[in-house]
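A short worksheet on the structure shown next.
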Amino acid sequence: MIVPSLAPRGIGGMVRSTRAGPTVPHPTPIVFVVDDDVSVRESLELLIRTAGGGWRVDTFASAKEFLAQPRSTVPCCLVLDVSLPDLNGLELQERIARERSEMPIVFVTGHGDIPMTVRAMKAGAVEFLTKPFNDEALLNAVRGAIDRSHAALLSEAELQPIRERYESLSRREREVMALVVSGKLNKQVGGVLGISEITVKAHRGRVMRKMKAGSLADLVKMASSLRVS
């Protein structure tokens, strides 16, 4: 049974805090549906809209049609058929992994097999459902996917200031940072880059200031989050 949210709501569907403080609007999550069968698209849209999750549903008949849409900036997921007229679902999954990694995928198909399922799940799919599937199984998968997308967007928002600070570094400062976080001493960094230890110390100091790192451990964590090697 789907239980409606008991959180108090204000004008425009915004969740009103029960404590003193400003009202914070919550973006409406979007469930994208890509299936070339219009009857399937319509039934999925109806099911998802009436599920009580407050989700918006956008439907598409092909992968190319979906990819033509602007990238979403709110929590979202993709309910995706495997058999499509242009790019198939697994090929679209590869594109999304490169370009829209914050968008989890729930696969639905009428012609699934074990190798196909394994490939999709290894590539990060939330669920792989074979038609006809249980409505609640799909809705549970969508809920999990929306939660995952929300967490990914929060992580990206936290990472953005660090990325901007890293982009402010000069090429040499980035080289020094990469070697320092790998565990090399100043003298070793100088040997690799062909510069003096004093120059390394100067670059290292600027890196710490620009990155707003309070310690080497902080800098290592930042480098790890940015995948600096």
Going through the stretch 32-67 one residue at a time, which ones are touching a residue at least 24 places away in the same chain (Cβ under 8 Å), touching a strand residue (DSSP E or B) at 6+ places or on another chain (Cβ under 6 Å) and farther than 25 Å from GLU91 by Cβ? TRP55, ARG56
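If the requirement is being part of a helix (DSSP H, G or I) and crowded, with 18+ Cβ neighbours inside 10 Å, which of these qualifies: VAL180, VAL192?
Numbers: VAL192 fails: crowded, with 18+ Cβ neighbours inside 10 Å.
The match here is VAL180.
Among the listed residues SER215, SER182, identify the single one that is closer than 14 Å to VAL228 by Cβ and among the hydroxyl-bearing types (Ser, Thr, Tyr). Don't jump to the end; show me each part of the working.
Working: SER215 fails: closer than 14 Å to VAL228 by Cβ.
Residue meeting the stated conditions: SER182.
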Whether any residue in the stretch 210-217 is free of Cβ contacts under 8 Å to residues at least 12 places away in the same chain, touching a Gly at 6+ places or on another chain (Cβ under 6 Å) and not assigned by TED's automatic domain parsing to the domain that holds LEU90 is what I want to check. no
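Condition check ((1) modelled with pLDDT under 95; (2) touching a helix residue (DSSP H, G or I) at 6+ places or on another chain (Cβ under 8 Å); (3) closer than 30 Å to PRO29 by Cα) across all residues:
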{"residue": "ALA151", "(1), (2), (3)": "yes, no, yes"}
{"residue": "ARG163", "(1), (2), (3)": "yes, yes, yes"}
{"residue": "VAL176", "(1), (2), (3)": "no, yes, no"}
{"residue": "LEU185", "(1), (2), (3)": "no, no, no"}
{"residue": "VAL192", "(1), (2), (3)": "no, yes, no"}
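Suppose the filter is surrounded by 19 or more Cβ atoms within 10 Å (Cβ to Cβ) and either out of contact with any helix residue (DSSP H, G or I) (no Cβ under 7 Å at 6 or more places or on another chain) or basic (Lys, Arg) (or both); does PHE66 pass it? I'd like the intermediate steps shown before the answer.
On the way: surrounded by 19 or more Cβ atoms within 10 Å (Cβ to Cβ): yes; either out of contact with any helix residue (DSSP H, G or I) (no Cβ under 7 Å at 6 or more places or on another chain) or basic (Lys, Arg) (or both): yes.
Spelling it out, PHE66 is indeed surrounded by 19 or more Cβ atoms within 10 Å (Cβ to Cβ) and either out of contact with any helix residue (DSSP H, G or I) (no Cβ under 7 Å at 6 or more places or on another chain) or basic (Lys, Arg) (or both).
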MET121: closer than 14 Å to ILE146 by Cα, at pLDDT below 95 and either under 19 Å from the mean Cα position of the chain (by Cα) or not assigned by TED's automatic domain parsing to the domain that holds ARG148 (or both), yes or no? no
Within the stretch 74-118, work out how many residues are exposed (fewer than 13 other Cβ atoms within 10 Å of the Cβ), more than 22 Å from ASN140 (Cα to Cα) and under 16 Å from the mean Cα position of the chain (by Cα). 3
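The values are calculated or read from the model by the stated rules, or taken from the named source; none is laboratory data. Remember, it's a predicted structure, so these values are computed and weren't measured experimentally. Counting neighbours? That spans all protein chains shown, and the Cβs are built from the backbone with ideal geometry, glycine included.
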